[in-house]
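Rule-based calculations on the coordinates, nothing more; no lab input. As the structure is a prediction and not an experimental result, all values here were calculated from the model. Positions of Cβ are generated from backbone atoms using ideal geometry, with glycine treated the same way; all protein chains shown enter the neighbour counts.
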Amino acid sequence: MSARLIICSIFIYLACVLPAGAADNNIVKGKQQDSSGVFEPGVYTGNFAYVIGPGDTLEIKVWRHPDLENNAVVRPDGQISFPLIGDIYACDSTPAELKDKIASGLRKVINDPQVTVNVTGFQSKKIFVLGEVNRPGVYPFEGRVSVLDAISKAAGYKEDTAALKSIILIRRGYSLNPKALRVNIYDVIAKGDVKQDIFLEPADIVFVPKTFIANIDTFIDQFFTKTDPVLQYYLDIYDIRHGTPGTRSR
């Protein structure tokens, strides 16, 4: 099944069956704790650390050793090559952990090496933007990406149909029980309420509905019950931690 067909099938189904209403019966408010950290409006989750995966581009520097500056792309086997060390397994490490690995290898030839590692190309992690946007689909996760940023990636919302006061952010993480939060992007745009513009994590789903969603629990149940087979296809391909198929914890 093509990527375009899969995305279209998700989009068409959701547009037809997801609940709407005027009452706000079951909003998830404030902070939520999930497997990745605190789900808090306006705050980048403190417990979250980016985990390097295949295809990511890394900028590596060693203080006072400009000759060792390296821009490395993580290979499909999870490794990078670095001067004086050779191949290093970079996958499944945070930038801080990889920094320590490189420093440990360099200590054999350099006294007290001071290493920095920055991710400059985010290719192994993805986010999903669905619903009333102009280009629903799967997009690269690029660090500090907010809900509004994600909608912009999808060529913006449909002005005539998008319910901006009831955008749903779904975070699945490693858990089989997804968390969801209503995001009022209308207030972000019209009133400058940046606290509503939550930062995303890998594999987050931003859904822009046609109408106000009254009951988030019902929405989540129908979303994953009806669309999980096709959505899981993408979640498995773009695994949060490894970026490889079939490795998600069940």
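Some observations on this one:
- Placing +1 on each Lys and Arg Cβ and -1 on each Asp and Glu Cβ, with no other charges, gives the stretch 143-205 a dipole about its Cα centre of roughly 220 debye.
- The simple spin-label model puts a point 7 Å past each Cα toward its Cβ; for residue 75 and residue 195 those points are separated by 5.0 nm.
- The charge dipole of the stretch 57-121, taken about its Cα centre with unit charges on the Cβ of Lys, Arg, Asp and Glu (plus for the first two, minus for the last two), comes to roughly 160 debye.
- Extension gain, residue 59 back to residue 108 (0.36 nm per residue minus Cα-Cα distance, nm): 15.5 nm
- Summary of packing: across the peptides 60-69, 78-87, the per-residue average of other C-beta atoms within 10 Å ranks them, highest first, as 78-87, 60-69.
- Computed FRET value (nearest 0.05) for residue 135 with residue 221, which takes r as the C-beta separation and R₀ as 22 Å: 0.20
- A simple count of charges around residue 119, restricted to other residues whose Cβ falls under 11 Å of its Cβ and scoring Lys, Arg +1 and Asp, Glu -1, yields -2.
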